[in-house]
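**Student:** I'd like to ask you about the structure that follows.
What follows draws every value from the coordinates through simple rules; no lab data is involved. All values derive from a computational prediction rather than experimental measurement. Methodologically, a virtual Cβ is constructed for each residue, glycine included, from the backbone with ideal geometry; neighbour enumeration extends over all protein chains shown.
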Amino acid sequence: MKATVKVTNLKRGRFAAQGEAGQFFVYDLLDSEDVRIGDILSHSHIQAPGGKEIENLTRGVTMLVFVTNIVFNFEDARHFCFL
């Protein structure tokens, strides 16, 4: 499954990506700050809660993240990224 980064708040270590079905996954970034709006992410279970390594296809890196929330609109994604 792929998702596109739509919201970042790197000062708080949070970002949100929109999945192919339109939902937003909110992540804690655990090991890097190499994520930007527009980056394409990939993982077979990108939506499952908990910790995981996901591929940032745009930057060619693997990131350790923790899925904190799954929401269904952009404003909620911003809220859970503390914006």
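The rows are residues; the columns are (1) in a strand (DSSP E or B); (2) under 12 Å from the mean Cα position of the chain (by Cα); (3) among the aliphatic types (A, V, I, L, M).
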residue: Thr4; (1), (2), (3): yes, yes, no
residue: Phe15; (1), (2), (3): yes, yes, no
residue: Lys52; (1), (2), (3): yes, yes, no
residue: Arg59; (1), (2), (3): no, no, no
residue: Thr62; (1), (2), (3): yes, no, no
residue: Val65; (1), (2), (3): yes, yes, yes
residue: Asn69; (1), (2), (3): yes, yes, no
residue: His79; (1), (2), (3): no, no, no
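**Student:** Can you name the condition, by its number, that Arg36 falls short on among (1) surrounded by 15 or more Cβ atoms within 10 Å (Cβ to Cβ); (2) part of a loop (DSSP other than H, G, I, E, B); (3) not hydroxyl-bearing (Ser, Thr, Tyr)?
**Tutor:** (1)
**Student:** Okay, moving on. I'd like the residue in the stretch 50-83 that is of a type in the set (Phe, Trp, Tyr) and touching a residue at least 60 places away in the same chain (Cβ under 8 Å) and, out of all such residues, is nearest to Gly19 (Cα to Cα).
**Tutor:** Here is the first cut: in the stretch 50-83, the residues of a type in the set (Phe, Trp, Tyr) are 66, 72, 74, 80, 82.
Then keep just the ones that are touching a residue at least 60 places away in the same chain (Cβ under 8 Å); that gives 74, 80, 82.
On the way: Phe74: 12, Phe80: 16, Phe82: 20 Å.
Only one residue tops the list, namely Phe74.
**Student:** Surrounded by 19 or more Cβ atoms within 10 Å (Cβ to Cβ) and charged (D, E, K, R), is that true of Arg59?
**Tutor:** Numbers: surrounded by 19 or more Cβ atoms within 10 Å (Cβ to Cβ): no; charged (D, E, K, R): yes.
No; evaluated as a whole, the condition is false for this residue.
**Student:** Answer yes or no as to whether Leu41 is aliphatic (A, V, I, L, M) and either surrounded by 15 or more Cβ atoms within 10 Å (Cβ to Cβ) or in contact with a Lys or Arg (Cβ under 9 Å, 6 or more places away or on another chain) (or both). Give the steps one after another, and end with the answer.
**Tutor:** On the way: aliphatic (A, V, I, L, M): yes; either surrounded by 15 or more Cβ atoms within 10 Å (Cβ to Cβ) or in contact with a Lys or Arg (Cβ under 9 Å, 6 or more places away or on another chain) (or both): yes.
For Leu41, the condition - aliphatic (A, V, I, L, M) and either surrounded by 15 or more Cβ atoms within 10 Å (Cβ to Cβ) or in contact with a Lys or Arg (Cβ under 9 Å, 6 or more places away or on another chain) (or both) - is met.
**Student:** Considering every residue within the stretch 25-33, establish whether at least one is at negative phi, among the aliphatic types (A, V, I, L, M) and either loosely packed, with under 15 Cβ neighbours inside 10 Å or part of a loop (DSSP other than H, G, I, E, B) (or both). If you could, list the steps in order and put the result at the bottom.
**Tutor:** Going residue by residue through the stretch 25-33, those that are at negative phi are 25-33.
Imposing the further condition that a residue be among the aliphatic types (A, V, I, L, M) reduces the set to 26, 29-30.
Checking which are either loosely packed, with under 15 Cβ neighbours inside 10 Å or part of a loop (DSSP other than H, G, I, E, B) (or both) leaves us with 30.
Among the residues of the stretch 25-33, at least one is at negative phi, among the aliphatic types (A, V, I, L, M) and either loosely packed, with under 15 Cβ neighbours inside 10 Å or part of a loop (DSSP other than H, G, I, E, B) (or both), which makes the answer yes.
**Student:** Failed condition for Ile46, given (1) surrounded by 12 or more Cβ atoms within 10 Å (Cβ to Cβ); (2) part of a strand (DSSP E or B), with all others met?
**Tutor:** (2)
**Student:** Another question, then. Among all residue pairs at least 6 apart or on different chains, which show Cβ distances below 6 Å where the first residue, located in the stretch 16-39, is in contact (Cβ under 8 Å) with a residue 60 or more places away in the chain and closer than 16 Å to Asn69 by Cα and the second is outside any strand (DSSP E or B) and of a type outside the set (Gly, Ala, Ser)?
**Tutor:** Ala16/Cys81
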